[in-house]
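Notes follow the structure.
The values are calculated or read from the model by the stated rules, or taken from the named source; none is laboratory data. Quantities reported herein were computed from a predicted structural model and do not represent experimental measurements. A quick note on method: Cβ atoms are made from the backbone with ideal geometry, for glycine too, and the neighbour counts reach across all protein chains shown. Surface accessibility is based on the protein's heavy atoms, side chains included, excluding ligands, DNA and RNA. Shrake-Rupley method; radii C 1.70, N 1.55, O 1.52, S 1.80 Å.
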Amino acid sequence: MCGIVGILGKEPVAPLLVDSLRRLEYRGYDSAGVATLEEGRLTRRRAEGKLRNLEGRLKEEPLSGTIGIGHTRWATHGRPSERNAHPHATDRLAVVHNGIIENFRELRQELEAGGDVFETETDTEVVARLVTREMRKTNDPAKAVAASLPHLRGAFALAFLFDGHEDLMIGARKGAPLAIGFGEGEMYLGSDALALAPFTRTISYLEDGDWVVLDRTTAVIRDAFGAKVKRPRIQTSAGAFLVDKGNHRHFMAKEIHEQPEVVGRTLSHYLDMANGRVRMPEGLPFDWKAIDRITMSACGTAYYAGLVGKYWFERYARIPVEIDVASEFRYREAPLSDKGLALVISQSGETADTLAGLRYAKDCGLPVLAVVNVPTSTIARESSAVAPTLAGPEIGVASTKAFTCQLAVLACLAIGAGRARGTIDAAKERELVAELVKVPGLMADALQTETAIEHVARDIAKATDVLFLGRGTNYPLAMEGALKLKEISYIHAEGYAAGELKHGPIALIDEEMPVVVLAPRDAIFEKTVSNMQEVAARGGRIILIADAHAAHDAGIEPAGTLVMPEMAPDFAAIAYAVPAQLLAYYAAVTLGKDVDQPRNLAKSVTVE
Ligand code: M6R
């Protein structure tokens with residue numbers, strides 16, 4: 001899951017490639033590199049680590065070529081190092097790759113048997129050597145690429161630059177996204193519209209199996225069978241300017257603070273507040289009354305949003321929901337009801353496993369509704385209908401505002417579905433809409449407790465293990481809170497259903513173990529109180545996230561309390577996400593971790 005870019009330009013392209021790679025760094029930041037033609041000869045600059053290291057290299061040894069390719073890497077095969085950094089090159093070509101070549105071992109053996117000597121541990125080098133082998137036969141770059149692509153199994157988006165060819169670039173895609181950008185006498189390739197936004201708004205997405213031969217004025221696209229094809233040109237709205245951190249130290253902090261606004265914006269899109277009604281997305285290709293099951297799939301934080309959504313769909317619309325992490329769903333050959341609806345959830349809209357789950361459901365004949373944040377993404381384009389989250393660009397690797405916007409959309413969809421199916425009446429719909437409308441304000445109130453959270457987080461930062469507990473919709477939130485803490489502070493954390501504690505995890509509890517309990521005043525608050533008593537009885541240190549009277553009413557003395565405003569329980573999980581996120585954020589800041597770009601992670605996971 002890397003970012004790739006290619007430019008056939010009029011001016012030196014190295015600074016432009018770096019500008020574009022900065023927008024793609026969310027896909028990986030283990031290493032970065034560029035290749036250009038310097039007086040017709042392939043020349044590379046590569047550096048391990050973040051893009052700024054490559055920038056440093058380019059300052060020391062600038063490049064002046066007007067055609068070039070660039071790459072930012074999330075390592076899959078071969079450790080992060082300059083040697084394994086893209087572009088990979090031979091004497092004939094350089095290539096950048098996003099994806100995984102699954103049969104690279106057999107290809108490598110075959111090429112080595114033919115005399116090739118490999119320089120790296122990557123799967124991508126086989127592509128460079130395979131195409132070079134074909135070039136030696138035909139001396140024709142396009143024919144060489146066409147002859148090589150059928151040998152590659154797995155997922156790839158590729159951009160090739162050829163030694164001695166100042167006006168030629170070739171791109172190919174299968175299973176990983178690649179877009180062509182059209183300029184005035186300039187041409188571009190990029191992993192997404194965001195990467196191309198500084199250069200052009202006119203783009204075409206290649207379809208699976210497509211490959212394209214570009215010069216500065218034309219793009220000849222062929223499908224997997226070699227037939228010339230046309231792909232629609234669209235105007236994107238991806239902003240040319242990078243979003244900044246505002247007054248915040250990190251994007252994550254900014255995005256946490258934006259939540260009242262973006263959740264409010266998302267709710268306004270779905271709610272007719274004056275009449276207390278939900279506005280469902282237009283043109284849904286199914287009738288809610290006919291749906292007998294919803295099958296959800298998603299990954300990571302989006303999966304936890306789906307788990308919360310399951311409670312709402314089952315409660316308000318009385319539709320049974322099954323939900324899987326997409327990496328399991330795509331392979332488990334689930335029998336799907338022909339009256340079913342598939343619902344996928346994704347911030348980026350590019351997550352490989354979620355996309356595969358979507359395709360499985362489509363192949364089974366189900367309509368697919370996507371709750372997605374990037375409207376131009378592959379998942380948005382391949383779904384039958386889209387329910388957008390209006391979170392705006394999310395840059396921090398740890399998802400925050402996208403999560404709460406996903407929750408807001410799922411709540412609206414569940415209420416709207418309930419109304420369409422007659423499982424809630426107009427009065428109940430009005431009541432629930434009125435509760436939802438309060439959520440952004442409650443989130444703003446929750447943000448006011450930041451100083452207290454910072455204080456408690458310093459304590460959490462000393463722990464090696466942390467438990468998060470919740471019931472009902474706060475059970476998935478407990479898992480999300482634990483994920484946030486793991487991702488950015490590297491502290492081991494687990495989220496459990498509070499009632500499950502006594503079935504095993506209680507054995508972990510001692511005086512050292514912080515136990516974060518998410519306990520809004522819901523119908524099962526008393527049950528959560530019993531679980532807290534169990535923790536307290538064993539000397540556990542409870543960090544209570546609840547209203548001001550909860551500790552007193554529960555008869556416990558928590559080691560720390562994050563006080564939440566009083567609220568109705570239905571959508572409390574959306575507001576309660578705020579302290580869980582801030583707790584992780586301040587723990588990571590206390591430990592001096594790289595909050596926005598934590599080790600080993602990438603924002604968009606476009607490989608399996
Ligand atoms: O872009 P998506 O929502 O499909 O991404 C899914 C997960 O990769 C993502 O939520 C991941 O778990 C985040 N890093 C969580 O903070």
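Using just the C-alpha positions of segment 150-283 as equal point scatterers, what log10 of I(q)/I(0) does the Debye formula give at each q in 0.11 1/Å?
Calculated log10 I(q)/I(0) at the listed q: -0.61.
Provide the net charge surrounding A523, with neighbours chosen by a C-beta distance below 13 Å and charges set as Lys +1, Arg +1, Asp -1, Glu -1.
Values: positive: R315, R471, R521, K527; negative: D522, E526, D570.
Result for the neighbourhood of A523: +1.
Give the relative contact order (percent, whole number) for the chain; include only Cα pairs under 8 Å separated by 6+ residues. Don't skip to the end; give the middle numbers.
On the way: 1425 pairs, mean separation 71.4, N = 608.
With pairs under 8 Å counted, the relative contact order is 12 percent.
Over segment 446-590, with every protein chain in place, what whole percent of the accessible area is carbon and sulfur at 1.4 Å, could you tell me?
Values: 2650 of 5290 Å².
Whole-percent figure for carbon plus sulfur exposure: 50.
Could you tell me how far the Cα centroid of segment 318-392 sits from the Cα centroid of segment 252-298, in Å?
Cα centroid of segment 252-298 versus Cα centroid of segment 318-392: 15 Å apart.
Grab the other residues whose beta carbon is less than 9 angstrom from that of G560, score K and R as +1, D and E as -1, and report the net.
Values: positive: R541; negative: D459.
Surrounding charge for G560 is 0.
Taking the alpha-carbon distance from K484 and a cut-off under 17 Å, which lysines remain once sequence neighbours fewer than 8 residues away in the same chain are dropped?
K254, K401, K462, K593, K603
Is segment 126-186 rounded, prolate or oblate when judged by the Cα gyration tensor, a ≥ b ≥ c being the square roots of its eigenvalues, rounded requiring a/c under 1.5 and prolate requiring a/b larger than b/c?
Numbers: a/c = 2.60, a/b = 1.13, b/c = 2.30.
Oblate is the answer for segment 126-186, as a/c is 1.5 or above yet b/c matches or exceeds a/b.
Compute the semi-axes of the equivalent ellipsoid of segment 3-245, taking the square root of 5 times each eigenvalue of the Cα gyration tensor, and list them largest first in whole Å. Intermediate results must be reported in sequence, preceding the final value.
Numbers: eigenvalues 117, 91, 58 Å².
The three semi-axes for segment 3-245 are 24, 21, 17 Å.
For M567, which sequence-distant residues (separation of 5 or more, or a different chain) have an amide H within less than 5 Å of its own amide H, given hydrogens modelled in the peptide plane?
Counting only residues 5 or more places away or on other chains, the set is R521.
Counting only heavy atoms of the protein chains, get the accessible area per residue of segment 184-339 (1.4 Å probe) and round it to a whole Å² value. List each step's numbers first, then the result.
On the way: 7700 Å² over 156 residues.
Result: 49 Å² per residue.
What FRET efficiency, computed as 1/(1 + (r/R0)^6) with R0 = 60 Å and r the Cβ-Cβ distance, is obtained for E500 and E11, rounded to the nearest 0.05? Provide the component values of the computation, followed by the final result.
Numbers: r = 61 Å, r/R0 = 1.01.
Calculated value: 0.50.
If one takes the longest principal axis of the Cα atoms in the chain, at what angle in degrees, from 0 to 90 and to the nearest 10, does the Cα axis of helix 124-138 lie?
30
Extension gain D215-A274, at 0.36 nm per residue separation less the Cα-Cα distance, in nm? It would help to have the intermediate numbers written out before the result.
Details: separation 59, 0.36 × 59 = 21.24 nm, distance 5.46 nm.
Stretched out fully, the D215 to A274 stretch lengthens by 15.8 nm.
With a point put 7 Å past each Cα toward its Cβ, work out how far K143 is from R293 in nm, to one decimal.
It is 5.4 nm.
Considering only C-alpha atoms, what is the centroid distance from segment 406-422 to segment 551-593, in Å?
Centre-to-centre (Cα) distance: 26 Å.
Highest first, please rank the peptides 15-28, 196-209 by the mean number of other Cβ atoms sitting within 10 Å of their residues.
15-28, 196-209
For segment 446-590, rounded, prolate or oblate, judged on the Cα gyration tensor with a ≥ b ≥ c (square roots of eigenvalues), a/c < 1.5 rounded, else prolate if a/b > b/c? Please report the intermediate quantities before stating the final value.
Values: a/c = 1.38, a/b = 1.07, b/c = 1.29.
Rounded.
Restricting attention to the alpha-carbon atoms of segment 255-424, what are Rg (one decimal) and Dmax (integer), both in Å?
14.7, 45
Full extension from K59 to T202: what is 0.36 nm times the residue separation minus their Cα-Cα distance, to one decimal in nm?
Details: separation 143, 0.36 × 143 = 51.48 nm, distance 3.11 nm.
Taking K59 through T202 to full extension adds about 48.4 nm, to one decimal.
So what is the accessible area of segment 363-515 per residue, in Å², with the probe set to 1.4 Å? Spell out each step's value before the answer.
Values: 5120 Å² over 153 residues.
It amounts to 33 Å² per residue over segment 363-515.
Binning every alpha carbon pair distance of the chain at 10 Å from zero, what are the percents per bin?
3, 17, 25, 23, 17, 10, 4, 0, 0
Over the Cα atoms of segment 243-282, Rg to Rh with Kirkwood Rh, two decimal places? Could you put the intermediate results ahead of the total?
Numbers: Rg = 14.1 Å, Rh = 11.8 Å.
A ratio of 1.20.
Could you give me the ³J(HN,Hα) list for segment 568-582, computed from phi with Karplus coefficients 6.51, -1.76, 1.60 and θ = phi - 60°, whole Hz, x at Gly and Pro?
The phi angles translate into 5, x, 3, 10, 4, 4, 5, 6, 5, 5, 4, x, 4, 5, 5 Hz.
Between E328 and E184, what length comes free when the chain is fully extended (0.36 nm per residue of separation minus the Cα-Cα distance, one decimal in nm)? If you can, show how the numbers build up before the last one.
On the way: separation 144, 0.36 × 144 = 51.84 nm, distance 4.53 nm.
47.3 nm is the gain from fully extending E328 to E184.
For segment 220-331, what is one quarter of the convex hull surface built on the Cα atoms, given in nm²? Display every interim value, and only then the final one.
Working: hull surface 52.0 nm².
The directionally averaged projection comes out at 13.0 nm².
From the phi angles alone, apply the Karplus equation (6.51, -1.76, 1.60; θ = phi - 60°) to segment 25-39 and give each ³J(HN,Hα) in whole Hz, x where the residue is Gly or Pro.
Each residue of segment 25-39 in turn: 4, 4, 8, x, 8, 7, 6, 8, x, 9, 9, 9, 9, 9, 6 Hz.
So what's the gap between the Cα centers of segment 523-538 and segment 434-490, to the nearest angstrom?
Here the answer is 18 Å between Cα centres.
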